[in-house]
1. Using alpha carbon centroids, what distance separates the range A:22-74 and the range A:372-401, in Å?
2. For peptide B:15-28, what's the mean number of Cβ atoms from other chains within 10 Å of each residue's Cβ?
3. So what's Rg/Rh here for the range B:10-65, counting alpha carbon atoms and using the Kirkwood radius for Rh?
4. What relative contact order, as a whole-number percentage, does the range A:714-791 give when Cα pairs under 8 Å and 6 or more residues apart are counted?
5. Highest mean first, what order results for A:123-133, A:318-328, A:468-478 on Cβ atoms within 10 Å?
6. Which listed residue (A:GLN21, A:GLN265, A:ALA594) has the Cα farthest towards the positive end of the charge dipole for chain A, taking +1 on Lys and Arg C-beta and -1 on Asp and Glu C-beta about the Cα centre?
7. Helix A:55-66 versus the longest principal axis of chain A: what is the Cα-based angle in degrees, 0 to 90, to the nearest 10?
8. Please name which of A:THR761, A:GLY734, A:ALA711 has its Cα lying farthest along the dipole of the range A:703-790 towards the positive end, using unit charges on Cβ (Lys, Arg +1; Asp, Glu -1) and the Cα centre as origin.
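The numbers here are math on the coordinates, done by the rules we state, and not lab data. Everything quoted here is computed from the prediction, not taken from an experiment. Note: ideal-geometry Cβ built from the backbone for every residue, glycine included; neighbour counts use all protein chains shown.
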Amino acid sequence: MAYLCSMVYDLEIRVEDQLKQFDACLANEPAFCTAKCPFHLDVRTFTELIEQGQINSAYKLYRDAVGFPHIVSRLCDRPCEQVCPLRNAGGPIALRELEAMVTAKTTDREPNDYNLQARPKRIAVIGAGLSGLGCALRLASKKYSVEIFERDPSIGGDLDEAMLADVERQFMHEHYLLHTNTEITSREEINRLGFDAAYVATGALGNDLGLSRCLIDTAPYTDAAGGGNNPLGEAEEIAGNRHGLSDLSAGVGIGWFAGGAVTGQTGVDALAQGLHAGAVIDAFLRTGNLVYPENIMETKLPPDPKRLVRQTVPSGEASRCLKCRCDACMEYCDVPAYYKKWPQRIRDEVLATTMPGRSEVKATPAKRLLNAADISGVLKNVCPVRIDLDALLLAGRQSMHRQKKMPWAFHDFHLRDMAHADGETAALVLPAKNASPGLAFFPGCQLGASAPSLVIAAYEKLRELDAKGAINLSGLILRCCGAPAEWSGDTELFRSKLDAILSDLHALGDPALIMTCPTCAQKFARYLPEVRTLSLYEIFADAGVVPTMPQDDGGGGGNALSHWAIFDPCSVSGAKNETKVKAGVRKLARGAGAQLFPLPVQGSVARCCGFGGQPDLANPDFAEYVAKARAAETDLPYITYCINCRDAFAAAGKQTAHILELLFPKAADKTRPDATGRRENREYLKRYFQGDPVSKPSYPFTLFIDDALRAKMDLEKILLDDVYATIAHIRQTGGQVFHPESGVHSGYCVVGKTTYWVGYTEDANAQFRLTEVYSHRMQIEQEKVWNGVKR
Amino acid sequence: MASNDKGLLICERCGIEMKSMKAHFSYLGNEFKHDVMRCPVCGQVYIPEELAKGRIKTVEMALEDK
């Protein structure tokens, strides 16, 4: 069956289609204890502040949540402990003790005195128990006119002296009127006094002023002030209209609310309800809205047993706190971790950046981040709600490209590298002698650039298997899979690459492909799903391929070592044949004498080495950060099966071998080619398979370059071709500058879009020596007329 | 301000000393001027590495982020 054309596939993804998935992000879900706490204390921050020694800040956070810190730290019956994940692992965090500690130790006990304008609305609080006092405190601190009506001669019910002192302290900057010995027996009394809202907190056996009866008439009675979507206030509003009470106040009627023991809540729960009612009444007075949420917090936070495995010994009760939250992205994914941004923030920044409009009038906060990020598929694999950050980043890149706002420099080098791999000096479609639709070898463009001898050794082994009848080899294709085009956001370029691949396949009779590069395999699976692919490692493992040299030879790839960890490349993750590929590589490694040890990273998450998505041009620091982070996960050397991983780790100083180096130690080359050497290798590989392995690249003249400058060229991705082109250009045009003191000639040439500068000397024997080389992205604009002469 | 601490510079095409003069640059659709060493006769430009890796790099980064 002939393969289809890539036109069939929609390569475009839109930013707007990727946004909604981020709504499910659990990063902002409260911790279990916070959800359970009637005051919803932010325990993560609270314990963190204590750990940092910021006792005053911890106290303020606590006081703002609970209203009366001294009272709550003594009376709270610790519901948080029922849900603390540590309850079965050393005991729950002793939060109440921590709360009592900060309340005792703070040196800044006085409440804040906010200089707010007095608000004209009047609120009656009926009952001066904990719930009424909480409600009064919240409203008084917002500068409403609050009056408390208490049946008894004093406030606070059963509170002791120290607790009453706490009440006094928290009210020290607030004004309110207190009517003791004043029992309210009907709503009419309050209505008549012209209040705008009232909170009934008359205690366990108190008079509810008929509020519950009103509600029973209209809707199920839940928990009064925390009455969900059927608050008493709403009932009163309905009942009020029904009973003709709305004439007491112009516009909306008085809002009636109830809470505390009269509605069944006791102790600190009653206080929490009063504080909540304060916020509810404030909202009612500002908006007239009587519908309000219940004071119940739920959390969708998934249990994370990993948190119980501690990396460090806690140094106190606060540091025992696990700070429960969903942070799989921060733990496993480099983009959120490096940029210290949660997925929803990244979404917002990408949305702002990609919205149409000139950059002068809108922000573009993620322009670099979009392109300086790995596209590795890791987040989708580790996120409990499977947020696909990569899809957003790719969509963002495509959007930038469509809007012609993509800085060319972010992907240019890799696109030129792809053009080289697919160009006439490096690309090849080689039919096998007995070509028929069978299997063609597709080693990708990076393995051949890094280690051409491994491609040759692997192909020779495939031919051997073909000769034995184990496989039917129909040829070899040397070219790029188009990944750089996909990563650049240029879908048309990518489509042209996919079509070119299909055309190459057609030339070989549409064979299935043998892949070595997991990234190539991933692109085929995603964009050319009808092309059947197999992993070279599966084939070799099934065929029982073992090293061609004794293990103690030490001749290549560090295979004299026996203890290794397998580093699974990110691009293998989610592949259809992921399990088989991983198993195949492990079998081959063991067959090569390697003793394998697991990576310490929990589970088997395959992660990025910093290559995927080509972030290195937009932000070299990010790519280096990722490579170093991965390299540091174990002291063991790595075996990997992606040559980009090998090269990234080698650059980070980590001993790493490609699995093919273990299988073909003779072909393993310990030297790592530079940017120029990589192209020369690709060209060599093509010549080799064409039967001309001897000829070397030729340059028009001999140029001496010392090692330091070669290293600089490699780091800055300056190719020898660019250097030669620049020297030739400036000598030919005479556009050179001479430095008499040093004897150096300097000049520049634009290759592609980059401006390259060279400095060189030439001795009496016409020997050239490079003295400096650098480049910039900015273009020098020549005037059309200079000195009156048109140019 | 022209950046040159490499002493005398001679334009090889015209054989005369380069001087600090304005030159035009563009990047990502933005245009600007800056003083660099130029040949007063033919306009040949010289940008030393310090300038390329310093101010020019900074401006490039800023424009890429914009």
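1. Measuring centre to centre over Cα atoms gives 33 Å.
2. Numbers: counts 1, 0, 1, 2, 0, 0, 0, 1, 4, 5, 6, 4, 8, 10.
The mean count of partner-chain Cβ atoms within 10 Å per residue comes to 3.
3. On the way: Rg = 12.8 Å, Rh = 12.2 Å.
A ratio of 1.04.
4. Details: 103 pairs, mean separation 16.5, N = 78.
21 percent.
5. Numbers: A:123-133: 30.5, A:318-328: 20.1, A:468-478: 18.5.
By packing density, highest mean first, the sequence is A:123-133, A:318-328, A:468-478.
6. After comparing all options, I get A:ALA594.
7. The angle comes out near 60 degrees.
8. The one lying farthest along the dipole's positive direction is A:GLY734.
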